[in-house]
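Notes follow once the structure below has been shown.
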Amino acid sequence: MTDILERLQPIFRDVLDDQNLIITRASNARNVEGWDSLAHINLIASIEQDLGVRFALGELQDLQNVGDMIDLIERKLQT
Amino acid sequence: MRQELLYPFDAAHLLRHRRRLRRELLEGGSWIDVRLAVLAGSTAQEVVDLLELFLLNDGIRPVFYQSEYNRYYEEALFDSARLEEFQPDVVCIHTSSVNVLRYPRLTDSADEIERCLDSEVTRYESIWNALTTRLGCQVIQNNFELPASRGTGSLDGASPAGRTHFLGRLNLELARRAQADRRIVLHDLASAAAIPGLDHWSDPARWFSYKIPTTPAGSAMWAHSLANVIRALYGRTRKCLVLDLDNTLWGGVIGDDGADRIRIGRETAEGEAYTAFQEYCLELRQRGILLAVCSKNDEAIAREGFSHPASVLRIHHLAAFVANWNPKSENIARIADALNIGLDSMVFVDDNPAERAIVRAQLPAVAVPEVGEDVSRFPMMLDRGGYFDVISLSGDDVNRNAQYAANEERSALSAMYADYGQYLAALKMRAEIAPFRDVFLERITQLANKTNQFNLTTRRYTVSEIAQIASDPAYITLYGRLEDRFGDNGLVSVIIGRREQAVLHLDLWLMSCRVIQREMELAMLDELIERARAAGIETLAGYYLRTPKNNMVADHYLKLGFDCVSRAEDGSRSEWRLDLKTNSAPRNIYIARITE
């Protein structure tokens with residue numbers, strides 16, 4: 001399986017309009033510039049579209065950072 | 001123009017690249033600045049972000065004010081200091097069917113339902129009044145799309161207590177009141193939602209999570225539709241439709257195929273699609289949109305296409321006509337000069353993707369929708385783009401004659417007819433009946449080979465046989481085209497008569513089922529008798545050859561007054577005669593004749 005972080009990288013760069021942005025597992029809305037609430041909605045929609053997953057209600061609210069999101073996506077892609 | 005912002009657009013792409021697109025769009029051009037307040041009943045940010053892209057693409061640079069979430073009513077009526085300070089040019093009441101405060105309940109009495117309706121309508125009206133008197137601004141009010149789910153299926157539309165029924169009434173009432181006040185413009189959200197359809201429009205999960213009622217695609221459709229209204233409000237409606245000819249206004253290449261062979265008219269599915277597109281263009285013209293032709297063709301030959309009997313568009317409908325072999329981008333620029341309008345007032349339609357690409361690259365201000373190659377979809381693709389949308393049809397735009405004619409038609413339609421004859425008279429039928437012409441040979445052949453029911457002999461012919469018969473003096477041939485109040489039915493009837501001395505044998509008599517019971521056969525017979533007599537014929541000989549499908553015409557000749565001279569015992573075949581010396585009085589009374 002391709003590294004999910006690698007697949008998320010261009011999505012974050014496009015949505016946040018910063019082609020030099022480097023996200024890591026530790027990235028979150030507080031330490032990444034421009035990651036506001038609407039950017040968040042866009043990120044989720046783009047990730048769903050691009051990776052072919054669908055997040056259920058409530059699945060996203062406990063995520064602390066990109067690492068948590070990657071783990072969630074991995075679980076979804078395995079099942 | 002950024003092509004990615006013209007319909008059909010990819011919402012996911014627009015959202016993902018929104019910030020870059022916005023940045024790039026803002027680098028260019030001169031702007032109309034608009035202060036736009038959005039008073040929202042849901043989280044409007046996504047629609048607002050997309051709206052900004054669509055407006056920037058149209059040369060409108062918005063500055064936004066957004067109400068607190070779901071405070072559209074309060075901010076408009078009471079709490080408007082911040083809004084007043086913003087001094088909006090336009091206020092959008094960003095509501096949808098999630099904002100209906102109280103739908104009727106199934107147990108509600110008729111009075112209670114009326115009160116529900118009245119309280120919704122009054123609420124919006126008080127918003128409008130507060131905004132227009134205090135801020136002097138233009139108000140855009142959404143109507144209501146159908147809800148994502150309904151309780152009682154079809155009954156929901158039928159019963160006054162149903163949501164579907166209620167929203168329909170609410171929309172009509174809002175429209176009626178908005179029409180009475182030119183400071184209020186109704187944005188037809190219901191139709192915007194219908195384009196993707198409710199399954200692709202509504203997303204309850206996003207509603208619960210973010211208070212966004214729509215999918216990303218729904219938000220994009222909403223924003224685009226709203227941008228079309230704002231564009232129209234600021235007079236950025238396009239003024240001129242520039243059209244290619246071959247395979248755009250008619251099927252085929254007129255320079256190769258000849259004017260007789262282009263495909264247009266009611267006779268074939270393909271021809272009908274081109275006719276429908278021409279009619280669509282003519283409707284645009286009737287409400288003030290200029291039509292122009294830009295074609296790679298020899299000009300004299302290209303013009304012949306508009307003299308084709310089935311062509312809806314005529315040369316005099318065209319404000320400009322350029323046919324030559326120069327690049328289309330140059331020709332479109334010439335047309336803009338000649339008509340004294342800007343390139344940003346023009347829309348170009350061409351079935352050829354290469355031509356579209358060149359015009360886009362050379363003349364970025366011209367809108368070149370991705371119409372595809374299928375003419376049947378051209379009207380839809382132009383509609384969706386909203387290029388010619390207007391907010392009202394008052395003033396010079398309207399073709400009043402056309403309106404009056406339409407009203408007249410409606411009142412005639414609603415009238416009751418005392419008998420069938422009155423109905424036929426009200427159809428105002430007109431027929432063109434004449435010997436075969438080259439331009440119709442293919443249609444005649446096609447009709448001969450596919451008509452099964454109203455067909456006396458069911459003889460089949462090839463196109464070369466038909467062509468041979470058409471030019472053979474031993475035959476009297478007739479085709480019939482029939483028009484009525486509702487339009488042109490096309491070529492619908494064919495007779496082939498073969499003479500032997502003073503007898504004309506009717507080898508073929510057929511009629512399309514779409515005009516059965518119109519007495520078209522009487523008009524055909526009248527013409528046949530006239531031409532036969534002029535040719536010295538004394539007797540018509542008719543034949544009925546039974547097939548499994550043509551029972552409906554077993555008594556055709558009997559009804560027309562022919563005498564039966566022989567009949568097979570099993571009824572499979574009969575022969576009939578009409579003596580023209582004693583039977584030549586005209587029979588048709590309802591169909592007027594067109595003479596070419």
Open item on the list: I need every pair where a residue in the stretch B:64-87 that is closer than 16 Å to residue B:137 by Cα and in contact (Cβ under 8 Å) with a residue 40 or more places away in the chain has its Cβ under 7 Å from the Cβ of a residue that is among the basic types (Lys, Arg) and not in a helix (DSSP H, G or I), sequence separation at least 6 or different chains.
Closed with: B:86/B:35; B:87/B:35
Open item on the list: Considering only residues that are free of Cβ contacts under 8 Å to residues at least 12 places away in the same chain and among the basic types (Lys, Arg), which ones fall in the stretch B:545-565?
Closed with: B:559
TODO: For chain A, please list each of the helices (runs of 4 or more DSSP H) lying entirely inside it that holds at least 1 residues being touching a Lys or Arg at 6+ places or on another chain (Cβ under 7 Å) and within 14 Å of another protein chain (Cβ to nearest Cβ).
DONE: A:4-15, A:37-51
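Taking the condition of being in a helix (DSSP H, G or I) and surrounded by 14 or more Cβ atoms within 10 Å (Cβ to Cβ), how many residues in the stretch B:514-529 meet it?
Final tally of qualifying residues: 11.
Do the conditions hold for residue B:425, that is, is it part of a loop (DSSP other than H, G, I, E, B) and either at pLDDT 75 or above or within 23 Å of residue B:517 (Cα to Cα) (or both)? Working first, answer last.
Values: part of a loop (DSSP other than H, G, I, E, B): no; either at pLDDT 75 or above or within 23 Å of residue B:517 (Cα to Cα) (or both): yes.
Judged against the criteria, residue B:425 is not a match.
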Task: Condition check for residue B:447: in a strand (DSSP E or B) and surrounded by 15 or more Cβ atoms within 10 Å (Cβ to Cβ) - done: no
Open item on the list: Whether any residue in the stretch B:233-256 is out of contact with any strand residue (DSSP E or B) (no Cβ under 7 Å at 6 or more places or on another chain), more than 26 Å from residue B:346 (Cα to Cα), modelled with pLDDT under 95 and outside the structural domain of residue B:43 (by TED's automatic domain parsing) is what I want to check.
Closed with: yes
Task: Failed condition for residue B:235, given (1) free of Cβ contacts under 8 Å to residues at least 60 places away in the same chain; (2) over 14 Å from residue B:386 (Cα atoms) - done: (2)
- [ ] Determine, yes or no, whether residue B:172 is hydrophobic (A, V, I, L, M, F, W, C) and either touching a Phe, Trp or Tyr at 6+ places or on another chain (Cβ under 9 Å) or closer than 20 Å to residue B:46 by Cα (or both).
- [x] no
- [ ] May I ask you to list the residues in the stretch B:555-593 that are in a strand (DSSP E or B) and among the charged types (D, E, K, R)?
- [x] B:563, B:567, B:573, B:575, B:577, B:579, B:593
Task: Residue in the stretch B:199-234 that is surrounded by the fewest Cβ atoms within 10 Å (Cβ to Cβ), counting only those that are more than 14 Å from chain A (Cβ to nearest Cβ) and β-branched (Val, Ile, Thr) - done: B:229
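The values are calculated or read from the model by the stated rules, or taken from the named source; none is laboratory data. These numbers were taken from a predicted model, which means no experiment stands behind them. With ideal geometry, Cβ positions are generated from the backbone for all residues, glycine too; neighbour counts draw on all protein chains shown.
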